[in-house]
Amino acid sequence: MEPADLSALQEQALEELDRARTLAELEAVRVKYLGRKGLLPAIMEKLGDLPPAERPIVGRSANAFKENFAQRLNVCREQLERNRGGVVPKRAWDPTLPGLWRGMGVRHPIAQIMEETIQIFDRLGFTIADGPDLETEWHNFDALNTPADHPSRDTQDTFWLTDTLLLRTQTSPVQIRVMESRPPPVRIIAPGRCYRRDTTDATHSANFHQIEGLYVDRNVSLADLKGDLTYFARALMGSEVKVRFRPHFFPFTEPSVEYDFSCHVCGGKGCRVCKNSGWIEISGAGMVDPKVFHNVGYDPEQWTGYAFGMGVERLAMIKFGIDDIRLLYDNDARFLEQFA
C-alpha cells in the first residue's frame, strides 16, 4: 500500500468518527479500523511483503494514522459521554449548563424552639450549660434527692446500662454538675436530649428534648421564678399569654409547682387545643430543695434558688399546632418545609 492510500484511508476514518452519533456507532468505527481484524492491523501485517526501501515510509504513515485516529476517537467519546442524557461525567464540566436547584433547607421545629428559648433566657442573663447523655446514678437521682424506691428509678422507666450508669432521664444532672464545679451565684439553662422507657404514641417518645433552668443567688424567691417564666411565655407565645402556678411535688424542689400557659389560640376562653380549660400544661418548677444544696456543698442558709424544666417537643407542638409528636421524627420533607 502506498502512503497516499494510507492518507486517504485516514481521512475516511476520521470522517466516520465525526459522523458517529452514539457510543455504539463510535465503537463500531474503532473496531473497523483498529480492531484485531481491522483495516490498519491488516496493513501492518503486510509490511513484510513490501520492498525494503518502502517499509519505513509506509510504517511511519501507519503509525501516524493510528495516533491521529486514537486522539480523535478520545475527543469524540468525551463529547458523546458529556451529552448523553444530559449527564455530565465527573471528568468533564460544561460551565454553560444550568445548575441543579436543590431547594433551600429549613430549621427543624425542635431546633427553632430550642434556639428561640435560648435567646430569650440569654436576655435574662442565663448562660448555656451542657452535660453527658450517659449519666451516673448520683447525678441523675441521688443528688437530686430522689428516694431509692422512687418509680423513676425502675428499669421500666429508665435505660440502665450498668448498676450505676444510665441514659439521663432529664437535663437536671447538668444543674448538679454545674453547682459541684463552681460557687454561686449560678444562672444557667441546660438544653439537651433525654431518654425514658416510654411507649411511643401521639404524645410520648423514648427520645425527647428538655430545657431546664437554674438560678441560685442570695434572696431568690418564687416571685423571681414567676416573673422570669411569665417573661419567657410572652416572648415565645405572645404578649397576652399568662402563666398559672399549681401546687405539686418534686423530690428536688420545695415548694414545687406545675405551671401552665394560657391558651394562645383562644386567649383563655376555651377551645379544642386547651380542651376547653383555657390553659395548657407546660411543666414543673419550684424552689431548690435545701437537701440538694447540701449534696453539692452549697449553704442553704446563705443561698436560695429556683429550678424549672420544660419539654421542647411539647412547646413545639403547642406553638405550631402539631397533634402528634411522631411527626417531629418522621423526616417527612412535606411536613418540615412548612416551618420555613
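The values are calculated or read from the model by the stated rules, or taken from the named source; none is laboratory data. All of these numbers come straight from a predicted model, not from anything done at the bench. Note that we place each Cβ from the backbone using ideal geometry, even for glycine, and neighbour counts take in every protein chain shown.
So, Ala24, is that one in the same structural domain as Glu78 (by TED's automatic domain parsing) and loosely packed, with under 12 Cβ neighbours inside 10 Å or not?
Taking the combined requirement at face value, the residue satisfies it.
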Options Arg60, Arg82: the member that is in a helix (DSSP H, G or I), among the basic types (Lys, Arg) and under 14 Å from Asp5 (Cα atoms):
Arg60
Is there a residue being part of a loop (DSSP other than H, G, I, E, B) and either of a type in the set (Val, Ile, Thr) or not assigned by TED's automatic domain parsing to the domain that holds Ser152 (or both) anywhere in region 251-262?
no
Restrict the check to region 171-182 and report whether at least one residue is at pLDDT 95 or above, of a type in the set (A, V, I, L, M), assigned to a strand (DSSP E or B) and touching a helix residue (DSSP H, G or I) at 6+ places or on another chain (Cβ under 9 Å).
no
When you go through (1) buried (at least 20 other Cβ atoms within 10 Å of the Cβ); (2) of a type outside the set (A, V, I, L, M); (3) outside any helix (DSSP H, G or I); (4) touching a strand residue (DSSP E or B) at 6+ places or on another chain (Cβ under 6 Å) one by one for Tyr298, which number turns out not to apply?
(4)
Filtering region 118-132 down to residues that are within 19 Å of the chain's Cα centre (by Cα) and in a helix (DSSP H, G or I) yields Ile118
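Here's the yes/no breakdown for (1) over 30 Å from Ile176 (Cβ atoms); (2) within 22 Å of the chain's Cα centre (by Cα):
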| site | (1), (2) |
| --- | --- |
| Asp299 | no, no |
| Gln302 | no, no |
| Met317 | no, yes |
| Asp323 | yes, no |
| Phe335 | yes, yes |
| Phe339 | yes, yes |
Do you know which of the residues in region 282-295 that are out of contact with any Gly (no Cβ under 6 Å at 6 or more places or on another chain) and assigned to a strand (DSSP E or B) is modelled with the lowest pLDDT?
Ile282
For residues that are in contact (Cβ under 8 Å) with a residue 40 or more places away in the chain and small (Gly, Ala, Ser), scanning just region 207-232, find the one that is nearest to Thr136 (Cα to Cα).
Gly213
Starting from region 243-272, take each residue that is closer than 9 Å to Gly286 by Cα and list its partners that are at pLDDT 90 or above and assigned to a loop (DSSP other than H, G, I, E, B), counting only C-beta distances under 8 angstrom and pairs at least six apart or across chains.
Phe252/Asn145; Phe252/Thr146; Phe252/Asp289; Thr253/Asp289; Glu254/Asp289
Do you know which of the residues in region 133-152 that are free of Cβ contacts under 8 Å to residues at least 40 places away in the same chain and surrounded by fewer than 16 Cβ atoms within 10 Å (Cβ to Cβ) is nearest to Arg187 (Cα to Cα)?
Trp138
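Against the definition (touching a residue at least 40 places away in the same chain (Cβ under 8 Å), touching a Cys at 6+ places or on another chain (Cβ under 9 Å) and not in a helix (DSSP H, G or I)), how does His204 come out, yes or no?
Taking the combined requirement at face value, the residue does not satisfy it.
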Return the pairs, sorted by first residue and then second, in which the second residue is of a type outside the set (Asp, Glu) and not in a helix (DSSP H, G or I), the first residue lies in region 105-118 and is over 20 Å from Asp130 (Cβ atoms), the beta carbons are less than 6 Å apart, and the residues are 6+ apart or on different chains.
Val106/Ala340
Residue check: is Pro147 under 22 Å from the mean Cα position of the chain (by Cα) and part of a loop (DSSP other than H, G, I, E, B)?
no
Quick check on region 153-196: of everything there that is surrounded by 15 or more Cβ atoms within 10 Å (Cβ to Cβ) and small (Gly, Ala, Ser), which residue is farthest from Val288 (Cα to Cα)?
Gly192
Inspect region 221-241 for any residue being among the aromatic types (Phe, Trp, Tyr), surrounded by 16 or more Cβ atoms within 10 Å (Cβ to Cβ) and not in a helix (DSSP H, G or I) and give the result as yes or no.
no
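Filtering region 301-323 down to residues that are part of a loop (DSSP other than H, G, I, E, B), in contact with a helix residue (DSSP H, G or I) (Cβ under 8 Å, 6 or more places away or on another chain) and modelled with pLDDT under 90, which residue is surrounded by the fewest Cβ atoms within 10 Å (Cβ to Cβ)?
Restricting to residues being part of a loop (DSSP other than H, G, I, E, B), in contact with a helix residue (DSSP H, G or I) (Cβ under 8 Å, 6 or more places away or on another chain) and modelled with pLDDT under 90, the top hit is Asp323.
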